[in-house]
Every structure is written in structure tokens, then in C-alpha cells.
1. One residue is enough: does segment 42-64 have a residue meeting the conditions closer than 16 Å to residue 153 by Cα, free of Cβ contacts under 8 Å to residues at least 60 places away in the same chain and among the β-branched types (Val, Ile, Thr)?
2. With (1) buried (at least 17 other Cβ atoms within 10 Å of the Cβ); (2) over 30 Å from residue 192 (Cα atoms) as the list, and residue 23 as the residue in question, which single condition is left unmet?
3. With respect to the numbered conditions (1) open to solvent by 30 Å² or more (accessible area, probe 1.4 Å); (2) at pLDDT below 95; (3) more than 29 Å from residue 191 (Cβ to Cβ); (4) out of contact with any Lys or Arg (no Cβ under 6 Å at 6 or more places or on another chain), which one is the sole condition not fulfilled by residue 109?
4. Quick check: is even one residue across segment 131-142 open to solvent by 20 Å² or more (accessible area, probe 1.4 Å), within 20 Å of residue 34 (Cβ to Cβ) and free of Cβ contacts under 8 Å to residues at least 40 places away in the same chain?
5. Quick one: in segment 26-57, of everything that is over 16 Å from the mean Cα position of the chain (by Cα) and outside any helix (DSSP H, G or I), which residue is surrounded by the fewest Cβ atoms within 10 Å (Cβ to Cβ)?
6. Can you pull out every residue in segment 143-185 that is open to solvent by less than 10 Å² (accessible area, probe 1.4 Å) and either touching a Ser or Thr at 6+ places or on another chain (Cβ under 7 Å) or of a type in the set (Lys, Arg) (or both)?
7. Which ones in segment 71-91 are open to solvent by 40 Å² or more (accessible area, probe 1.4 Å) and in contact (Cβ under 8 Å) with a residue 60 or more places away in the chain?
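The values are calculated or read from the model by the stated rules, or taken from the named source; none is laboratory data. In this text, all values refer to a predicted model and were calculated from it rather than measured experimentally. Positions of Cβ are generated from backbone atoms using ideal geometry, with glycine treated the same way; all protein chains shown enter the neighbour counts. Protein only, heavy atoms only, side chains kept; ligands, DNA and RNA dropped before computing areas. Shrake-Rupley method; radii C 1.70, N 1.55, O 1.52, S 1.80 Å.
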Amino acid sequence: MDGVLIDSTPAVARVWSKWATAHGLDAEEVTLNAHGRPSITTIREYLPNADYEAENLIVESAEMEDLDGVIPLPGAVELLSDLPADRWAIVTSCTRPLAEVRIRAAGLPQPRLFITASEVMHGKPHPEPYLKAAKQLGFASEACVVVEDAPAGIRSGKSAGSRVLAFRTTIDDAGLIEAGADWIVDNCSQISVLGADAEITLTLEPRRISHPDADSSPKDLRR
């Protein structure tokens, strides 16, 4: 969701920077490590002796209140409109209340299937979120394409057995490739839905695809 469908980066940075500063931590480091993972995971790492649940509520409340600049990323509205509603899911490290608030703020359609930090025992980079989404969609995870922007999410998708399409919205290509991305593009505007029957065909804009083994031929993803 964040960094794939929605640009919430400024709001996320403000909230985590403020939280880190209040606890005498390096704001830039904490913000970077918090992206793409459940907030309580980050809190546990940096404050091992804290009341995790209480701190998590503080962070979540701040994120729900700070919606300034939360907007859809290029092509997100169009891509979701072109995909059959029962063939895609949002799998996010946000809690369900925060995810729903951000979806509304960005003006995006509510998905039929929403897997959030509230629905899993193990968050990204564990494979559970994407395994659960694939099962509820009715497909093997190997038949699904995960779209991600953060290393934790990429590793989650790859561990689940899916192929991963990564966006350059959060980190550079080197970091995305190191995490295991199969393809890299800028954003949703470079994805076209050519067919959406029994088999969905997605075409990626070829000239901007980045991958160590990439060639100049058009890239189709049929899943």
C-alpha cells in the first residue's frame, strides 16, 4: 500500500522522526528501518524494555492524525480500476484502522481483501502476509505477483514463493535487487492490464525496466 499505491512517505517520516527524537534515537535510521514493517516490530528493536503495545498506540495514533500529503501514486487509481476486484489484494504492514484511513485519504477504492498487521501473527519480511493473501484469493502463492517498494516486503513475497515487481519509490535499484526483486519500474503508471479473464496479463513499460539480466524486449507477466 504505502510506497506502491499511496505516497505517505512525508507523513511516515514526520511521525517516526518525532518518535525517535523523543526517545533519543537516530531519526533517519529509525525512519528507514520502520518502512515496510509492522510498527511494533521497529519499536521492539529500538526499545526492548518498553511497553510495546502502549508505544505502538502512540505511533499509530500519530500516523492516523497526520494525513498531510497522503495521495495516490501515479497510475494507482487507473491500475486498480483495470484489475478485476476479486483478483488483487492489499497486503500492508499497517494496522487495519490506519490502512483504512490512508486508503480513504488517498481516494482509492477499498479492496475486497485486506491483509494488515492486524490479521497476521508474523509481519513482513515473514512470508505469512502474502501466503495468507494468496490463499484467500484462491491461488497458489507461486501464481501471484507481489508488488512492493521495501526490502522487507520484497523478502516476504519471495519467501512466499511469488515473483516480485518492485517500485523505486523508497530505495534505489541496488537495494531492491539485493532484496530479490524480479523486475523494477518506477510506479503503477508503467503497468498495463492487457487481459483480465482466466489469466491476467500485465505488461511493463520496457524501456524503464531495470534488472541485471534485463533485455529490451517487452515484459509480460501472466498470472
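1. Filtering segment 42-64 down to residues closer than 16 Å to residue 153 by Cα leaves 42.
Filter once more, so that each one left must be free of Cβ contacts under 8 Å to residues at least 60 places away in the same chain: 42.
Those left that are additionally among the β-branched types (Val, Ile, Thr): 42.
Yes: one or more hits.
2. (1)
3. (3)
4. So the first thing to find is which residues in segment 131-142 are open to solvent by 20 Å² or more (accessible area, probe 1.4 Å), and the list is 131-132, 135-140, 142.
Remaining after also requiring within 20 Å of residue 34 (Cβ to Cβ): none.
The answer is no, given that none of the residues of segment 131-142 is open to solvent by 20 Å² or more (accessible area, probe 1.4 Å), within 20 Å of residue 34 (Cβ to Cβ) and free of Cβ contacts under 8 Å to residues at least 40 places away in the same chain.
5. Looking at residues that are over 16 Å from the mean Cα position of the chain (by Cα) and outside any helix (DSSP H, G or I), I get 49.
6. Once the filter is applied, which keeps residues that are open to solvent by less than 10 Å² (accessible area, probe 1.4 Å) and either touching a Ser or Thr at 6+ places or on another chain (Cβ under 7 Å) or of a type in the set (Lys, Arg) (or both), segment 143-185 yields 146, 149, 150, 160, 162, 184.
7. 71, 72, 74, 78, 82, 87, listed by residue number.
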